[in-house]
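Let me begin by presenting the structure, written as structure tokens, before commenting on it.
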Amino acid sequence: MNYLTCVIFILSMFKNVELLLVKVNEGLLLGARLPLSTGQGLYYSFKGIPYAEAPVGNLRFKDPRPVQPWIGIKQAIVHGPVCIQYNALLKSYIPGSEDCLYLNVYTPDLTPEKPFPVMVFIHGGSFMAGSGNSLILGPDFIVQKNVVLVTLNYRLDALGFLKLDSKDVPGNAGLKDQNLALKWVHDNIAAFGGDPDEITLAGQSAGSASVFYHMMSPMSKGLFKRGIAMSGVPFCEWAVTYELTKRSFALGKLLGSDTTDPDEMLQFLQEQPAYSIINKTPIVIPEENYWQNTRLKMTAFQPAPEKDFGQERFLLETPIETLKRGNITPVDLFLGDTSLEYLYQLPDINSSLVSYNLMRSLLIPREIILTGSPQLDFDAIADRISDKYFGQRDIDYSTLYEFLRYQSEEIFVYPARRFLKHLPAGNKRYLYKFLIISERNRFASLGEPYGIVGTGHSDDIEYIFDSRVAKGGFPVGFPVSVTSEIYRLINQTVTLYTNFVKYGNPTPDGSLGAVWPEYDEDSKGYMKINSTLSADNDPDADAVAFWTSIFSEAGIELP
């Protein structure tokens with residue numbers, strides 16, 4: 001019995017599972033009609049759809065190639081392999097494959113009277129980990145709102161972001177994977193009842209930063225209408241890189257090659273085992289010896305501008321240069337963050353506390369160290385930041401909340417407000433702060449033993465997707481009763497997101513008890529997403545003012 005026959009046989013044993021075929025441009029797909037986890041209907045599921053050729057062998061590190069048409073029927077009942085990765089939260093290498101460029105499509109109906117709007121969601125993970133699989137990104141809540149959901153895998157770590165400054169490896173392969181998936185959706189989503197002219201590109205963390213990178217890229221222009229960005233912009237330290245070509249060659253040196261020739265280095269790295277390439281932090285400047293112990297101040301392989309070798313370039317320049325030129329596609333935006341983003345790092349925070357206490361210069365944003373004026377008094381800047389958050393106290397568990405707040409504001413909040421401030425006019429913006437706490441949160445409970453109340457990075461994911469991952473990031477069963485208070489909170493949250501996908505406004509009719517104000521630099525209106533909704537103005541005003549002064553003192557600010 002072959003693999004496809006086994007899958008069909010197993011599924012046929014379950015009630016309410018119907019197998020069916022859909023024709024896309026590349027061939028026939030076998031999917032399934034499944035019951036919603038809420039028990040409130042059925043939806044159509046097509047998992048593990050290839051959108052690119054497998055980037056293996058001599059295609060490793062190179063730009064993705066569209067998948068070729070296939071003969072016969074391709075099963076789309078189970079997920080494709082996840083991309084090779086190391087998960088820092090789980091502290092383990094995740095079983096995966098380089099043949100991982102697959103996407104998943106979930107739809108309420110294949111032949112609706114009117115095509116459904118579409119949400120294409122890009123997973124987070126610092127461009128180093130994650131997948132589009134339904135363990136975390138379960139579709140049930142979203143498709144129940146008559147929205148087609150697409151999730152996807154893209155190459156990660158050095159396998160996705162190596163940059164040799166050559167025609168073969170110009171960089172950004174992982175973002176080009178996303179772009180190719182987006183093109184596939186645009187060309188094929190009508191077969192699943194979706195509207196190719198009503199695509200919202202969404203993401204969380206690295207996926208959120210990716211949304212903005214697609215807004216900056218000429219390759220993605222015209223492929224989506226709206227953007228949802230959850231906790232991440234290209235100004236975040238973990239989302240933007242420096243000296244990436246130098247670092248890529250340093251990776252080769254770590255693995256045994258001293259060549260400076262990009263073709264020779266490519267051949268060498270293509271011959272190495274895939275798992276030996278990832279989870280490496282090649283040092284290229286002395287400060288990195290200290291930064292690599294600070295979690296998010298240094299991550300090794302991220303997006304970067306590409307040199308022109310005649311190829312189609314995803315990023316032409318740095319994010320700052322793009323904003324200065326106003327060279328960004330204006331789309332309506334729905335964006336925000338959680339109340340205490342860095343809370344998710346609490347289980348591994350002890351070494352960071354020790355490092356920061358001994359070396360207060362670690363408090364200085366990386367961008368200031370790299371690009372600030374040579375005349376800067378770095379000790380004075382470190383003292384200002386230390387006084388702001390800790391006064392004369394040590395950085396230890398007695399100032400744990402202050403440390404979490406510092407990290408949240410420096411790494412997530414201020415970069416997002418700074419980026420938002422300098423987006424060119426031409427699009428609507430709806431800003432939020434996510435505050436909901438219940439048993440559903442993955443990380444909020446981590447603060448309870450210390451008397452710390454807040455929502456951590458990715459806590460909001462649990463209220464949009466039917467996730468089977470909960471507290472601490474470990475898999476657990478998590479059924480939700482539709483009569484529970486938790487489901488009311490889920491329904492409220494997912495309605496906001498899908499309203500934006502459908503109408504370009506999270507509260508188009510005020511039916512959720514509030515009218516969401518558009519954000520602008522004068523009013524700074526935003527919404528607090530809590531057990532109820534409440535509009536307010538100027539979130540994190542004190543933090544934004546403080547960090548603005550720090551960057552201005554360093555001579556780093558956009559005009």
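Applying the condition of being of a type in the set (A, V, I, L, M) and in a helix (DSSP H, G or I) to region 193-215 and asking which residue is surrounded by the most Cβ atoms within 10 Å (Cβ to Cβ) yields A209. Quick one: is G132 under 30 Å from P262 (Cα atoms) and not charged (D, E, K, R)? So G132 fails the test.
Considering only region 276-287, state which residues are farther than 18 Å from R360 by Cβ and surrounded by 15 or more Cβ atoms within 10 Å (Cβ to Cβ). Answer for region 276-287, where residues must be farther than 18 Å from R360 by Cβ and surrounded by 15 or more Cβ atoms within 10 Å (Cβ to Cβ): I277, I278, N279, K280, T281, P282, I283, V284. Summed over region 519-546, the residues that are modelled with pLDDT of 95 or more and either more than 29 Å from D387 (Cα to Cα) or under 24 Å from the mean Cα position of the chain (by Cα) (or both) give a count of 16. Annotation note: Cβ proximity below 6 Å between a residue of region 87-112 that is over 19 Å from K47 (Cα atoms) and a residue that is surrounded by 15 or more Cβ atoms within 10 Å (Cβ to Cβ) and not hydrophobic (A, V, I, L, M, F, W, C) (sequence gap 6+ or interchain) occurs for L89/G473; Y93/Y86; I94/Q85; I94/N87; P112/G193.
Please determine whether any residue of region 403-412 is modelled with pLDDT of 95 or more, surrounded by fewer than 20 Cβ atoms within 10 Å (Cβ to Cβ) and touching a Lys or Arg at 6+ places or on another chain (Cβ under 9 Å). No: zero hits.
Collect the residues in region 57-74 that are assigned to a loop (DSSP other than H, G, I, E, B) and of a type in the set (K, R), keeping them in residue-number order. The answer is R60, K62, R65. Looking at (1) of a type outside the set (V, I, T); (2) touching a helix residue (DSSP H, G or I) at 6+ places or on another chain (Cβ under 8 Å); (3) touching a residue at least 40 places away in the same chain (Cβ under 8 Å), which one does S257 not meet, given that it meets all the others? For S257, the exception is condition (3). All conditions but one from (1) surrounded by fewer than 20 Cβ atoms within 10 Å (Cβ to Cβ); (2) within 30 Å of K62 (Cα to Cα) apply to V150; the one that does not is (1).
Counting the residues of region 38-56 that are under 13 Å from L159 (Cα atoms) and surrounded by fewer than 17 Cβ atoms within 10 Å (Cβ to Cβ) gives 1. Looking at this structure, is S248 under 21 Å from the mean Cα position of the chain (by Cα) and under 21 Å from P319 (Cβ atoms)? Criteria not met by S248.
Within the bounds of region 276-287, is there any residue that is at pLDDT 95 or above, within 23 Å of the chain's Cα centre (by Cα) and aliphatic (A, V, I, L, M)? Yes, some residue in region 276-287 is at pLDDT 95 or above, within 23 Å of the chain's Cα centre (by Cα) and aliphatic (A, V, I, L, M).
Is it fair to say E439 is of a type in the set (D, E, K, R), without any contact (Cβ under 8 Å) to a residue 40 or more places away in the chain and surrounded by fewer than 23 Cβ atoms within 10 Å (Cβ to Cβ)? No, not satisfied.
Please determine, by comparing only the residues of region 75-94 that are surrounded by 19 or more Cβ atoms within 10 Å (Cβ to Cβ) and of a type in the set (V, I, T), which one is nearest to L20 (Cα to Cα). Top of the filtered list is I77. I'm trying to understand the selection: among the residues of region 476-533, which are closer than 20 Å to L149 by Cβ, touching a Phe, Trp or Tyr at 6+ places or on another chain (Cβ under 8 Å) and part of a loop (DSSP other than H, G, I, E, B)? If the condition is that a residue be closer than 20 Å to L149 by Cβ, touching a Phe, Trp or Tyr at 6+ places or on another chain (Cβ under 8 Å) and part of a loop (DSSP other than H, G, I, E, B), then V480, N505, P506 are the ones that fit. When region 242-257 is filtered for residues that are closer than 17 Å to G160 by Cβ and not in a helix (DSSP H, G or I), nothing remains.
The sole residue among L137, L159, L89 that is in contact with a Lys or Arg (Cβ under 8 Å, 6 or more places away or on another chain) and not aromatic (F, W, Y) is L159. Highlighted here are the strands (runs of 3 or more DSSP E) found entirely within region 75-192 that include at least 3 residues which are over 22 Å from L28 (Cβ atoms) and under 21 Å from the mean Cα position of the chain (by Cα): 85-87, 92-94, 116-122. Quick check on region 95-117: of everything there that is aliphatic (A, V, I, L, M) and buried (at least 18 other Cβ atoms within 10 Å of the Cβ), which residue is farthest from F61 (Cα to Cα)? Here the answer is V105. Scanning region 369-379 turns up no residue that is touching a Gly at 6+ places or on another chain (Cβ under 9 Å) and under 14 Å from R295 (Cα atoms).
Pairs are defined by a Cβ separation below 6 Å, a sequence spacing of at least 6 or placement on different chains, a first member in region 535-559 that is touching a residue at least 60 places away in the same chain (Cβ under 8 Å), and a second member that is among the acidic types (D, E); the pairs so defined are A543/E409; F551/E557.
Restricting region 317-371 to residues that are over 19 Å from the mean Cα position of the chain (by Cα), over 23 Å from F224 (Cβ atoms) and of a type in the set (D, E), the residue that is surrounded by the fewest Cβ atoms within 10 Å (Cβ to Cβ) is D348. Taking region 355-381 as the search range and keeping residues that are assigned to a helix (DSSP H, G or I) and among the β-branched types (V, I, T), which one is farthest from W238 (Cα to Cα)? The extreme case among them is I381. Does region 382-395 include one or more residues that are β-branched (V, I, T), exposed (fewer than 15 other Cβ atoms within 10 Å of the Cβ) and either in contact with a Pro (Cβ under 7 Å, 6 or more places away or on another chain) or not in a helix (DSSP H, G or I) (or both)? The answer is no, given that none of the residues of region 382-395 is β-branched (V, I, T), exposed (fewer than 15 other Cβ atoms within 10 Å of the Cβ) and either in contact with a Pro (Cβ under 7 Å, 6 or more places away or on another chain) or not in a helix (DSSP H, G or I) (or both).
Looking for something closer than 25 Å to A416 by Cβ and surrounded by fewer than 24 Cβ atoms within 10 Å (Cβ to Cβ) - is there at least one such residue anywhere in region 178-191? Within region 178-191, one or more residues are closer than 25 Å to A416 by Cβ and surrounded by fewer than 24 Cβ atoms within 10 Å (Cβ to Cβ). Scanning region 135-177 for residues that are out of contact with any strand residue (DSSP E or B) (no Cβ under 7 Å at 6 or more places or on another chain) and among the polar types (S, T, N, Q) gives Q144, S166, N172. If I filter region 550-559 down to residues being surrounded by 13 or more Cβ atoms within 10 Å (Cβ to Cβ) and in a helix (DSSP H, G or I), which single residue comes out as modelled with the lowest pLDDT? Looking at the filtered set, the residue picked out is E553. Scanning region 57-74 turns up no residue that is over 30 Å from E485 (Cβ atoms), of a type in the set (S, T, N, Q), surrounded by fewer than 17 Cβ atoms within 10 Å (Cβ to Cβ) and at pLDDT below 95.
The values are calculated or read from the model by the stated rules, or taken from the named source; none is laboratory data. Note that the coordinates shown come from a computational prediction; the quantities given were computed from them, not determined experimentally. Cβ atoms come from the backbone with ideal geometry, glycine included; neighbour counts cover every protein chain shown.
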